[in-house]
Amino acid sequence: MAQCHPLVTRLLASSATAAAQAGKIIRDIFTRGDLNIVEKGVDDLQTEADRSAQNCIIESLSRQFPGITIIGEEGTSRCEVPSDWIVTNVDEEILKVKLPKDLENVSPQDICVWVDPLDGTSEFTQGLVDHITVLVGVAVGTKAVGGVIHQPYYKDLQKSSIGRTLWGIDGVGVGGFMPVPTLIGRRIITTTRSHSNKTVQAALDAMEPDEILRVGGAGHKVLLLLEGKAHAYVFASKGCKRWDTCAPEAILHAAGGKLTDLYGDSYSYDATTSHCNSKGVLATAPGEQHSWYLSRIPDEVKQEI
Ligand code: AMP
Ligand code: MG
Ligand code: MG
């Protein structure tokens, strides 16, 4: 890969191909059928696919980009990986982008990459493979500036192919898909399918939705906002982590939407920050009034989380 491209461009171009390879590994493991499930905590599962996909992404990126910090959901232990899991090719479309000035000369020490190798594990173990995504988010300083979402089971009927990779970069825009505007006149809210509780439900009720879409994965829910299928993603719980929101937030912002905590503050994504999105998640589709949704969150809900 030509070193003449800026570091952030090369990193995102490599993240896209690594995420797609991780998607292939996930499909192969699912097809084989032995998921080798481990319980990490309450309502928190890990499978062979989560572990292998993370090894693929972290080995591929850390070999090409020494000096950056990479934080993956499945921990820090690294191991030998098959050679075909090490990806060195790049997404040529991303390589062509023209970055805004402030991203052109970033040093490796200022970069933190947040990896969720398989978002929506709970749904994956139940065979709901359409809910899962692979998330690679790139932060510069405290800010999520770029991201990749790969959907391993997306079917493009025209191309008869499986899997698609979407990306977004702050100040550049998005690629790999065309955002669709949401319909005016109805309020469709998306939220968790497998991590609900009374507080999560109270925040939803306060939005007076016409419809609630309960689906798995933070990546999947932000995709629903980008595809015009939901107006807001509301999650009044501490359960979501930085690797769940870094890539989706960057892509959503690049498309004109917004992701914050339930107070309207942005999460920070530098290497030393907390992993826990302890003040919940509110994401709104491009064109939606984020402040309206914030104003509806009841004080009792804010106090609870
Ligand atoms: P969900 O909307 O339930 O699919 O959650 C989005 C992301 O946050 C997934 O990666 C979940 O694993 C994670 N998450 C949400 N709530 C919890 C929880 N209570 N415990 C562990 N992980 C959670
Ligand atoms: Mg996740
Ligand atoms: Mg995960």
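The values are calculated or read from the model by the stated rules, or taken from the named source; none is laboratory data. Everything quoted here is computed from the prediction, not taken from an experiment. Note that we place each Cβ from the backbone using ideal geometry, even for glycine, and neighbour counts take in every protein chain shown. Areas reflect the complete protein model, heavy atoms only, side chains present, ligands, DNA and RNA absent. Shrake-Rupley method; radii C 1.70, N 1.55, O 1.52, S 1.80 Å.
Summary table
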quantity: Filter result for Leu135 (in contact with a Phe, Trp or Tyr (Cβ under 9 Å, 6 or more places away or on another chain) and within 17 Å of Lys241 (Cβ to Cβ)); calculated: yes
quantity: Residues satisfying the stated conditions in the stretch 155-170, i.e. among the hydrophobic types (A, V, I, L, M, F, W, C) and either open to solvent by 30 Å² or more (accessible area, probe 1.4 Å) or free of Cβ contacts under 8 Å to residues at least 60 places away in the same chain (or both); calculated: Leu157, Ile162
quantity: Whichever residue in the stretch 32-48 is part of a loop (DSSP other than H, G, I, E, B) and within 11 Å of ligand 1 (Cβ to nearest atom) and, among such residues, is surrounded by the fewest Cβ atoms within 10 Å (Cβ to Cβ); calculated: Val42
quantity: Which listed residue is open to solvent by 20 Å² or more (accessible area, probe 1.4 Å), within 19 Å of Ser62 (Cα to Cα), among the hydrophobic types (A, V, I, L, M, F, W, C) and away from ligand 3 (no atom under 16 Å from the Cβ), from Val140, Val97; calculated: Val140
quantity: Cβ-Cβ under 7 Å pairs, at least 6 apart or on other chains, the stretch 56-76 side more than 16 Å from ligand 1 (Cβ to nearest atom), far side among the polar types (S, T, N, Q); calculated: Cys56/Gln21; Ser60/Ser14; Leu61/Ser14; Leu61/Ser15; Gln64/Ser14; Gln64/Thr88; Gly67/Gln109; Ile70/Ser62
quantity: Condition met for Val138 (hydrophobic (A, V, I, L, M, F, W, C) and within 16 Å of ligand 1 (Cβ to nearest atom)); calculated: no
quantity: Test: residue in the stretch 143-154 that is open to solvent by 10 Å² or more (accessible area, probe 1.4 Å) and free of Cβ contacts under 8 Å to residues at least 40 places away in the same chain; calculated: yes
quantity: Lys198, sole failed condition from (1) more than 10 Å from ligand 1 (Cβ to nearest atom); (2) of a type in the set (Lys, Arg); (3) under 14 Å from Thr284 (Cβ atoms); calculated: (3)
quantity: Long-range neighbours under 7 Å by Cβ, at least six apart or interchain, first residue farther than 18 Å from Ile111 by Cα within the stretch 3-28, second among the acidic types (Asp, Glu); calculated: Thr17/Asp91
quantity: Residue among Val180, Val115 that is within 15 Å of ligand 3 (Cβ to nearest atom) and either closer than 21 Å to Tyr267 by Cα or over 18 Å from the mean Cα position of the chain (by Cα) (or both); calculated: Val115
quantity: Top-ranked residue in the stretch 238-272 [being away from ligand 2 (no atom under 16 Å from the Cβ) and among the hydrophobic types (A, V, I, L, M, F, W, C); ranked as least open to solvent (accessible area, probe 1.4 Å)]; calculated: Leu262
quantity: When residues of the stretch 180-212 are limited to those that are over 17 Å from Leu262 (Cα atoms) and of a type in the set (Gly, Ala, Ser), the one surrounded by the fewest Cβ atoms within 10 Å (Cβ to Cβ); calculated: Gly185
quantity: Some residue of the stretch 262-270 being within 21 Å of Leu118 (Cα to Cα) and either at pLDDT below 95 or within 11 Å of ligand 1 (Cβ to nearest atom) (or both); calculated: no
quantity: Hey, Val215 within 27 Å of Gln151 (Cα to Cα), under 15 Å from the mean Cα position of the chain (by Cα), within 14 Å of ligand 2 (Cβ to nearest atom) and open to solvent by 10 Å² or more (accessible area, probe 1.4 Å) or not; calculated: yes
